[in-house]
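Novice: This is the structure I want to talk about, given as structure tokens.
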Amino acid sequence: MTNPVLKNASYILVHAPDMIVHNGTTATVEKKTNQNSEYLEKLRDSLRSYDEVVNYAPNQVFIGNRTPESLNDLAMPWYTQPVKGDRYGKFGEIMPQDEFICMMKISDVFDLVKLSQSFTTELKTKLANHKLFSENEINLLKEGEPEETILSLVVDHHSEGIYHDKKLVGCVKKAHDFDTNLNAHVMFENLVAKASGVLAVKHLMAQTDISFDEVEYVIECSEEACGDMNQRGGGNFAKAIAEGSGFLNATGSDTRGFCAGPTHALISAAALVKSGVYKNVVVVGGGATAKLGMNGKDHVKKGLPILEDVLGGFAVLVSGDDGISPVVNLSLVGRHTVGTGSSPQAVITALITQPLDKGGLKITDVDKYSVEMQNPDITKPAGAGDVPEANYKMIAALGVKRGELEKAELMNFVKKHGMPGFAPTQGHIPSGVPFIGFAIDQIKSSELSRVMIVGKGSLFLARMTNQFDGVSFVMEKNKSENVCAENSGYDESQVKRLIADAMRKLAENLTE
Amino acid sequence: MDLENQKRVKDAVELYGAENVVVIIGASEAEAAGLAAETVTAGDPTFAGPLAGVELGLRVYHACEPEFKDEVNSDLYEEQISMMEMVLDVDEIISEMQTIRNEFCKFND
């Protein structure tokens with residue numbers, strides 16, 4: 001059995017200001033229930049520009065241009081402290097809305113997305129400059145539709161409008177006359193999840209030496225559901241993203257668990273690799289339009305810009321042992337069980353100390369914990385506090401109760417073993433996974449030796465159970481010695497040739 | 001406060017009477033605890049849920065307040081809540097809860 005390793009991780013953001021207004025649940029519910037609301041009046045004036053989003057320090061951390069710890073040097077609120085940002089980062093990019101709208105069209109295989117002729121012409125030129133898009137993909141944009149056709153589809157045929165710079169530039173058509181699970185709104189959300197997942201995979205594959213043909217399985221772990229009226233969550237985003245990414249030898253499936261989904265998916269992927277079922281598994285999660293501007297009312301009320309203005313996406317490649325990349329230690333998996341209970345103390349025990357106890361480890365033996373990494377700039381004004389800091393305090397407090405830490409050391413632990421939150425509040429996106437890219441690099445460079453990834457999910461929101469949920473796993477420095485390491489100078493094919501030569505000579509001697 | 005929880009509180013009051021209902025809050029921030037307490041006493045301040053404009057004036061306490069802590073099994077409290085007590089700004093939460101109770105609670109006991 002091989003050790004599963006996390007080889008690469010990608011992170012993308014999509015600036016989506018018009019989608020906040022037309023597709024985010026906070027704005028759309030307000031339109032339905034209170035059309036003349038003060039919030040809707042102020043919303044447009046509270047949106048940030050693309051440059052402001054790029055120069056926002058937490059976003060630069062998310063795509064890998066700055067470390068999470070660098071945020072400690074910036075005074076809060078961070079939106080008042082612009083930095084010099086780049087569109088592209090080590091792990092991915094911050095894509096502008098117009099280009100992403102084209103990605104929705106490129107990702108659509110049922111001809112549901114219609115874009116106007118003028119928008120299509122303009123964007124074809126723009127997208128041609130993107131190094132990750134092929135000519136074939138750009139040709140999928142076709143020539144576009146007359147603007148009257150788009151308007152008629154929205155006004156007369158229940159299509160969901162696609163807006164850019166306050167203008168109608170396209171639409172998503174309904175995929176069925178009566179099926180609510182295939183209506184234009186649901187198709188819009190699902191195409192966004194698919195397209196942002198494909199974008200994350202593009203950036204993942206640009207980083208790795210594994211070829212597209214070597215990917216055998218994809219696990220998708222967003223919080224959307226695709227299906228029809230006979231099977232609401234029938235699936236399957238994973239295979240759709242695999243197709244859109246050109247993984248000809250892959251199939252896949254969707255894993256769900258609210259915000260804990262990605263960590264569940266990564267544990268499953270690691271187990272599949274360890275057991276030898278698949279050699280290379282991609283775990284991917286796209287973004288959610290519904291959550292755009294989710295806490296917008298609180299932000300606007302307090303005079304802040306709408307900070308939930310980006311879609312998020314990520315992808316992680318889980319492979320067999322390469323002798324270099326951090327290993328997923330599957331003997332240190334934590335899980336919140338049905339019998340665990342819902343008190344924070346019980347939850348933290350199940351997710352943090354129970355797995356550590358299996359390996360005879362103390363809380364302080366883990367160098368960094370990646371928990372719910374929500375950006376506090378967003379959550380504090382909404383009354384939810386600093387979520388990662390609260391998590392680190394809870395872990396530290398449990399350490400104090402176990403006698404592994406002095407009470408006076410509590411805040412030092414938070415600083416040393418934690419980090420500031422930097423991820424957008426896109427549910428599954430901030431949950432555990434945002435630090436994996438940094439963890440891969442910092443474990444490889446021996447800056448860190450052990451990192452715990454913790455995913456938690458609020459299952460009760462689906463009204464199927466009152467249960468909370470969570471799982472965790474530990475990434476460790478690769479200590480393999482018997483593996484064909486990339487830089488070891490060991491060439492497996494050369495060894496095979498030498499053995500073959502020796503066998504041939506032996507056979508020749510025997511026949512003589 | 002979650003709209004579903006507002007409905008549950010409202011239903012409980014209709015079933016058992018306001019004088020027989022005590023609400024225990026577990027929010028981790030004083031502001032969030034205060035908003036939840038305000039909802040079950042003066043009504044939903046966001047005017048979004050079933051308790052909008054409904055002044056129930058219920059007895060309401062945070063799980064870290066002595067009124068609750070002294071009533072429950074100390075071993076169980078130690079097992080379930082003591083860790084959070086170390087993490088939360090308990091003084092700030094108590095002050096917020098007392099302010100809301102003094103202003104809106106209908107049961108002065």
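Novice: Please go through region A:399-413 and give me each residue that is within 11 Å of chain B (Cβ to nearest Cβ) and surrounded by 22 or more Cβ atoms within 10 Å (Cβ to Cβ), ordered by number.
Specialist: A:GLY399
Novice: Hey, any hits in region A:256-272 for a residue that's over 23 Å from the mean Cα position of the chain (by Cα) and at pLDDT 95 or above?
Specialist: No - not one qualifying residue is present in region A:256-272.
Novice: Would you pick out the residues in region B:7-45 that are touching a residue at least 60 places away in the same chain (Cβ under 8 Å) and farther than 23 Å from B:ILE93 by Cβ?
Specialist: Correct list: B:ALA18, B:GLU19.
Novice: Continuing with the same structure: When region B:69-109 is examined, which residues are found to be among the aromatic types (Phe, Trp, Tyr) and away from every other protein chain (no Cβ under 14 Å)?
Specialist: Of everything in region B:69-109, those that are among the aromatic types (Phe, Trp, Tyr) and away from every other protein chain (no Cβ under 14 Å) turn out to be B:PHE104, B:PHE107.
Novice: Hey, can you tell me all the residues within region A:4-25 that are over 20 Å from A:ILE101 (Cα atoms) and buried (at least 23 other Cβ atoms within 10 Å of the Cβ)?
Specialist: Within region A:4-25, A:PRO4, A:VAL5, A:LEU6, A:ASN8, A:ALA9, A:SER10 meet the criteria.
Novice: Name the one entry in A:VAL29, A:VAL83 that is of a type in the set (A, V, I, L, M, F, W, C), free of Cβ contacts under 8 Å to residues at least 24 places away in the same chain and over 22 Å from A:GLY286 (Cβ atoms). So that I can check it myself, show each step before the final result.
Specialist: Working: A:VAL83 fails: free of Cβ contacts under 8 Å to residues at least 24 places away in the same chain.
None of the others qualify; the one that does is A:VAL29.
Novice: Across region A:335-355, which residue is farthest from the other protein chains (Cβ to nearest Cβ) among those that are touching a residue at least 60 places away in the same chain (Cβ under 8 Å) and assigned to a helix (DSSP H, G or I)?
Specialist: A:PRO355
Novice: While we're here: Report, ordered by the first and then the second residue, all pairs with beta carbons closer than 7 Å, sequence separation of six or more or different chains, a first member in region A:316-334 that is more than 12 Å from A:LEU266 (Cα to Cα), and a second member that is at pLDDT below 95 and hydrophobic (A, V, I, L, M, F, W, C).
Specialist: Close Cβ pairs (under 7 Å, with a partner that is at pLDDT below 95 and hydrophobic (A, V, I, L, M, F, W, C)) amount to A:ASP321/A:VAL483; A:ASP322/A:VAL483; A:ASP322/A:ALA485; A:GLY323/A:VAL483; A:GLY323/A:CYS484; A:GLY323/A:ALA485; A:ILE324/A:ALA485.
Novice: I've got another one for you. Please work out which residue is nearest to A:PRO344 (Cα to Cα), limiting yourself to region A:358-371 and to residues that are in contact with a helix residue (DSSP H, G or I) (Cβ under 8 Å, 6 or more places away or on another chain) and either assigned to a helix (DSSP H, G or I) or at the interface with another protein chain (Cβ under 10 Å from one of its Cβ atoms) (or both).
Specialist: The residue in question is A:ILE363.
Novice: Could you check region B:1-105 for helices (runs of 4 or more DSSP H) lying wholly inside it with 2 or more residues that are among the β-branched types (Val, Ile, Thr) and crowded, with 18+ Cβ neighbours inside 10 Å? Reasoning before the result, please.
Specialist: Values: elements: B:3-16, B:30-39, B:66-69, B:74-80, B:82-87, B:90-104.
Where helices (runs of 4 or more DSSP H) fall fully within region B:1-105 and carry at least 2 residues being among the β-branched types (Val, Ile, Thr) and crowded, with 18+ Cβ neighbours inside 10 Å, they are B:3-16, B:90-104.
Novice: Are any residues in region A:113-134 crowded, with 21+ Cβ neighbours inside 10 Å and under 18 Å from A:ILE241 (Cα atoms), and if so, which ones?
Specialist: Correct list: A:VAL113 only.
Novice: Here's a check for you: in region A:46-64, which residue that is over 17 Å from the mean Cα position of the chain (by Cα) and outside any helix (DSSP H, G or I) is nearest to A:ASN375 (Cα to Cα)?
Specialist: A:TYR56
Novice: Another one. Could you list all residues from region A:78-95 that are within 18 Å of the chain's Cα centre (by Cα), in a loop (DSSP other than H, G, I, E, B) and surrounded by fewer than 19 Cβ atoms within 10 Å (Cβ to Cβ)?
Specialist: Scanning region A:78-95 gives A:ARG87, A:LYS90.
Novice: Working carefully through the options B:THR46, B:THR41, find the one that is among the hydroxyl-bearing types (Ser, Thr, Tyr) and in contact with a strand residue (DSSP E or B) (Cβ under 7 Å, 6 or more places away or on another chain).
Specialist: After applying the criteria, what remains is B:THR41.
Novice: Here's something else I'd like to know. Of everything in region B:25-46 that's out of contact with any helix residue (DSSP H, G or I) (no Cβ under 7 Å at 6 or more places or on another chain) and closer than 18 Å to B:ASP11 by Cα, which residue is farthest from the other protein chains (Cβ to nearest Cβ)?
Specialist: B:GLY43
Novice: Only one of (1) within 12 Å of another protein chain (Cβ to nearest Cβ); (2) in contact with a strand residue (DSSP E or B) (Cβ under 9 Å, 6 or more places away or on another chain); (3) surrounded by fewer than 21 Cβ atoms within 10 Å (Cβ to Cβ) is not met by A:ASP321, so which one is it?
Specialist: Unmet condition: (1).
Novice: Okay, moving on. Here are some conditions: (1) closer than 30 Å to A:SER196 by Cβ; (2) more than 12 Å from chain B (Cβ to nearest Cβ); (3) out of contact with any Leu (no Cβ under 6 Å at 6 or more places or on another chain). A:PRO420 meets all but one. Which one does it not meet?
Specialist: (3)
Novice: What's the total number of residues in region A:276-307 that are in a loop (DSSP other than H, G, I, E, B) and buried (at least 24 other Cβ atoms within 10 Å of the Cβ)?
Specialist: Summing the residues that are in a loop (DSSP other than H, G, I, E, B) and buried (at least 24 other Cβ atoms within 10 Å of the Cβ) in region A:276-307 gives 7.
Novice: Further question on the same structure: Just to be sure I understand the filter: pairs with C-beta atoms under 8 Å, separated by 6 or more residues or on different chains, first member in region A:379-398 and more than 9 Å from chain B (Cβ to nearest Cβ), second member polar (S, T, N, Q). Which pairs pass?
Specialist: Filtered contacts from region A:379-398: A:THR379/A:ASN295; A:THR379/A:THR425; A:PRO381/A:ASN295; A:ALA382/A:ASN295; A:ASP386/A:THR379; A:VAL387/A:GLN374; A:VAL387/A:THR379; A:PRO388/A:GLN374.
Novice: Additional query: Could you check region A:55-77 and list, in sequence order, the residues that are hydrophobic (A, V, I, L, M, F, W, C) and surrounded by fewer than 22 Cβ atoms within 10 Å (Cβ to Cβ)?
Specialist: Of everything in region A:55-77, those that are hydrophobic (A, V, I, L, M, F, W, C) and surrounded by fewer than 22 Cβ atoms within 10 Å (Cβ to Cβ) turn out to be A:LEU74, A:ALA75, A:MET76.
Novice: If you don't mind, another one. Exactly one condition in (1) out of contact with any Cys (no Cβ under 8 Å at 6 or more places or on another chain); (2) in contact (Cβ under 8 Å) with a residue 12 or more places away in the chain is not met by A:THR125; state its number.
Specialist: Only one criterion in (1) out of contact with any Cys (no Cβ under 8 Å at 6 or more places or on another chain); (2) in contact (Cβ under 8 Å) with a residue 12 or more places away in the chain is unmet by A:THR125, namely (2).
Novice: If a residue has to be of a type in the set (A, V, I, L, M, F, W, C), closer than 21 Å to B:PHE68 by Cα and within 13 Å of chain A (Cβ to nearest Cβ) to count, how many in region B:1-24 make the cut?
Specialist: Number of matching residues: 2.
The values are calculated or read from the model by the stated rules, or taken from the named source; none is laboratory data. Predicted model, so just to flag it, every value in this text is computed and none were measured. Note: ideal-geometry Cβ built from the backbone for every residue, glycine included; neighbour counts use all protein chains shown.
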